[in-house]
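Working notes, beginning with the structure itself.
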Amino acid sequence: MAMDKRVVAVLDAIVNDPGITGTKLEEQFCLTRKQLSYTLKKVNDYLESNHFERINRLKTGKLYIPRHVIEHFRQNQTAESEHRYLFSEEERGQMIIFMLLTRSERLSLLHLSSSLGVSQNTIITDLKKVRAEAIAHGLEISYDRGNGYHILGEELEKRYLLLNCLRRVLEIPVAKNIIAQYHTIMSTHLEKVGNVFSEIEKRFKIQFTDRQLQELIYFICFVLHRIESGKHLVTIPGSYADIIRSREFSLLQSVISKININSENELIFLTALIQSSNIQSVADKYFHLDAILLESVVAVVANFEKISCVTIKEKNELIEKIYQHWKPAWYRIRYHLANTSSVYDLVVKEFSHLHEMVRRAAAPFEKLLHCEIPDEEMAFLTVLFGGWLTREGVIHQIKLQKTAVVVCENSATISTYLFLTLQVLFPELHFTQVLSRREFERYTGHYDVVFSTTHLSTSKMVFVVNPSISSIQKSAFRSHVIGTLQGVDPNIIQIEQLLLIFERFGNIIDHKGLQRALASYIYDGNSGGSAAGNIEPTTPPLAELFIQEHVQFAAELPDSWQMAITQASASLLKSGVIEPRYVQVMLNKITHEQPYIMLADGVIIAHAGVDDGALDTGMALLRLPYKISVADYLLADIIIVLATCNPQKHLKALAQLNEFLEFHDGGNVIRRAPNTQALINEFARYHQ
C-alpha cells in the first residue's frame, strides 16, 4: 500500500527520534489527538502490509517502536520515500516549471497529471499559480494543440528560471529519482560535463561545494539539451559586458569546447555562472585576488568591530573567509543570479541584533554595488560573523569535551547556519569543523560525534539533523542526543517502573499527579528546568545596563584622558563586572592601536575583549563638562565603557545605543540632561 505525505513524515519523525511523545508529534505536525491516532493507524497498516511489527502507544504518552523498524527505515529512508512520496503543492509547481523547461516531447494535461500523481483539475489549479512565477521572469506559460504546454519568452530568462527551479527540485527528498527520469539527457552529457568541471576546479584552483557542483553539472546538461533543441542565447544583458575581458573567460574557452560550446554568448553566460558559484576552498588565494573587493571586505570587518565593540583576534583569517564568500556573491548580485538558500527568516528571528549590525557594517559592499544587498546574501554575512564570534568566544573551553564535526551537503549558507545553531544548542560539545560529504570521506582529524544532514557510514556516533530545525524540534533533538551520549536511551525510561520503585519506599497520595509530573520532568523539553530551555544567553536592553550607579556627570575635567576612562570604569570595577586588568587593556589598546571608537560627535565607547578580564556584561557612562583629546586622535566629552563576557550578550543594548545616538540625537540628549536620573529616564523612555 502507498502512504500519503503526512503519514510518511510522521513515520520518518518517529524512526529518527524514537523518544518522541504523542504530544510532541501533535505539536510538530499540528494534529489533534484524533488525527494523530488516525495517522498512527495508517502507519501501522503500512508496516503490517510490509511484514513489520506495529508501533504501539504506551500509557506514558511514549511510543514503543520495534528496533528492526527503526534500523530498517533509518537505513532505507531515501529508497523507501521514492516509492511512497507525494509532492506538496509547492513542489508540484516547481516540477511543472521544471518539466516544461526540460521537455523533449509535447506535454499535455494528462502527462503532467500522471507524472505528478494528482488529478487534472489539481494540475489546472497549479498551472494558474505557477504562471505568476513565470510572469516575474518576463515569461508566459502557453498551450496549443501542436506544442502542448510550453513557455514563451527570452532564452536567458528561461535559463534563470530553470536554474532557480533546479535548485528547488534538488531539495526534494526524491530528487535522485526525478533526475533519473532524464536518462537520455544524462547518458549523453553527464560524464563529459563532470569531466569538464573537474578540469575547471584544477585550472581555477578551487573546489566547489558538493551541492553547487551537483547543481552546475545537472544545469549544464539541461542547457546542452536546450542548445541541441535549437534554443540559443541571442542577446546577453549589458551587465555581462566585462566578462569577455576576464581571466575566467579566457580559461574557460579551451575547456568548454570539449562539450561543443563555441558560441561567444554561451561562453559568456557560463563564465558568469562559474564566477557566481559558491566554492568550498581555494588552493591559491592570490590566484583569485581582486584588490577592490578585498579592500571592501577589510572595510566591512573594520566597520563591524567599531559597531559591535568586538575585537576580532584572527582578523586576517576572517577577512579571507568573507572574501571567499563575497566574491561570488558580488557576481551573483551584479548578474541578477538569485541565491535561493532560504535562511533569511531563520537568521532574522534568532540573531536580529547581530543581523542589524552586519547590515550597517556592510555599507562598503553596497557602495561598490550601487544597490542594496539582497536579504539572503546579507543573512549569510550575518551567519559568517556570528560563527566567528562564537568561535572566538569558546576558545577557553576545556579540551575534555567530546569533539563534534558537522557534515552538510547543502550550500555554504545552510552549512554555516547549521554549525552555528548546533554550537548554541550543545554547549557541552566542542565543534571543530563543518565539512562537505566529500571532505568528510577524506577527513583524518579527531572527532567523537558527527552531526549530518544525511546518513553516513562511520564507526562514530552519527545524529541526523534537519538544517532548518525548528525551536520545537530543537528541544526533543537535544534530549535525544544528550541521552544517547550519556548512555541512556530515552525510549527505555518507563514512568510505571519508576512509580513501582517509589511505592517500595513510601505511600503515593496522588498517583496520577506524580505520573504526570515525572513524565513532564523526564520528557517535556519545554519545561522550565530543561537544559535546552536555558541555552540562549539573555541579552539585556540598554535601560538595564545604564542604571544609577553606572552613570556619572563630572563637574571638572580629569587630569588626562586615561584618568577619564579609569573614572568611567570605576563603577564596573566596583560591582564586579570587570577586573582591574580590563581597564589597563583598554588604555593600552587606545594608546598603541588607536581604534576608531567614536559612535557619534564627541561620544566614544572604550572596550577590551571577552578574555581581557570581563566577568559579566555591563556599560558605564561618564559625561564631561568639555571635550578632551583622547590619545591625540579623538575629541570626546561623553565616554562610555563597555564590557561583556559573551560575544553576543551585549548586542541588543549596543544596537539600542546606536539607534538612540543616530535617530534620537542621543549625544545632545545626554548633554542636556539636568541630572543622572533624568538621563536614565530618557533611556527607559526610548527603549521601553
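The values are calculated or read from the model by the stated rules, or taken from the named source; none is laboratory data. Just so it is clear, the model here is predicted, and its values are computed rather than measured. Every residue, glycine among them, receives a Cβ derived from its backbone with ideal geometry; neighbour counts consider all protein chains shown.
General remarks:
- In this entry, Asp637 is excluded by the filter for residues that are free of Cβ contacts under 8 Å to residues at least 24 places away in the same chain and closer than 25 Å to Thr311 by Cα.
- Residue count for the stretch 192-210 satisfying the condition of being over 27 Å from the mean Cα position of the chain (by Cα) and not hydrophobic (A, V, I, L, M, F, W, C): 7.
- Considering (1) free of Cβ contacts under 8 Å to residues at least 24 places away in the same chain; (2) under 14 Å from Ala606 (Cβ atoms), the lone condition that Val669 does not fulfil carries the number (2).
- Residue that is nearest to Phe451 (Cα to Cα) [pool: residues in the stretch 7-40 that are β-branched (Val, Ile, Thr) and touching a Lys or Arg at 6+ places or on another chain (Cβ under 7 Å)]: Val15
- Out of Lys59, Lys41, sole residue that is outside any loop (DSSP other than H, G, I, E, B) and either out of contact with any Pro (no Cβ under 6 Å at 6 or more places or on another chain) or of a type outside the set (A, V, I, L, M) (or both): Lys41
- Considering the stretch 110-152, the residues that are assigned to a helix (DSSP H, G or I) and among the polar types (S, T, N, Q) include one that is surrounded by the fewest Cβ atoms within 10 Å (Cβ to Cβ), namely Asn121.
- The conditions of being surrounded by fewer than 21 Cβ atoms within 10 Å (Cβ to Cβ) and either modelled with pLDDT of 90 or more or in the same structural domain as Pro467 (by TED's automatic domain parsing) (or both) are met by Glu295.
- Of everything listed in (1) at pLDDT below 85; (2) assigned to a loop (DSSP other than H, G, I, E, B); (3) of a type in the set (Ser, Thr, Tyr), the single unmet condition for Tyr46 is (2).
- Single residue of Ile628, Ile680, Ile638 found to be outside any strand (DSSP E or B) and outside the structural domain of Pro427 (by TED's automatic domain parsing): Ile680
- Residue, surrounded by the most Cβ atoms within 10 Å (Cβ to Cβ), within the stretch 336-352, restricted to residues that are modelled with pLDDT of 70 or more and more than 15 Å from the chain's Cα centre (by Cα): Leu337
- Residue that is modelled with the lowest pLDDT [pool: residues in the stretch 554-606 that are hydroxyl-bearing (Ser, Thr, Tyr) and part of a loop (DSSP other than H, G, I, E, B)]: Tyr596
- The residues of the stretch 459-475 that are surrounded by 15 or more Cβ atoms within 10 Å (Cβ to Cβ) and modelled with pLDDT of 80 or more, listed by number, are Met461, Val462, Phe463, Val464, Val465.
- The stretch 153-183 - residue that is among the small types (Gly, Ala, Ser) and in a helix (DSSP H, G or I) and, of those, nearest to Asn278 (Cα to Cα): Ala175
- Asp601 vs. criteria closer than 14 Å to Asp637 by Cα, free of Cβ contacts under 8 Å to residues at least 12 places away in the same chain and either among the charged types (D, E, K, R) or touching a strand residue (DSSP E or B) at 6+ places or on another chain (Cβ under 9 Å) (or both): no
- In the stretch 215-240, residue surrounded by the most Cβ atoms within 10 Å (Cβ to Cβ) [restricted to those that are among the polar types (S, T, N, Q) and farther than 14 Å from Ser263 by Cβ]: Ser239
- Search result, residues across the stretch 83-101 that are surrounded by 15 or more Cβ atoms within 10 Å (Cβ to Cβ), at pLDDT below 80 and either of a type in the set (D, E, K, R) or assigned to a helix (DSSP H, G or I) (or both): Arg84
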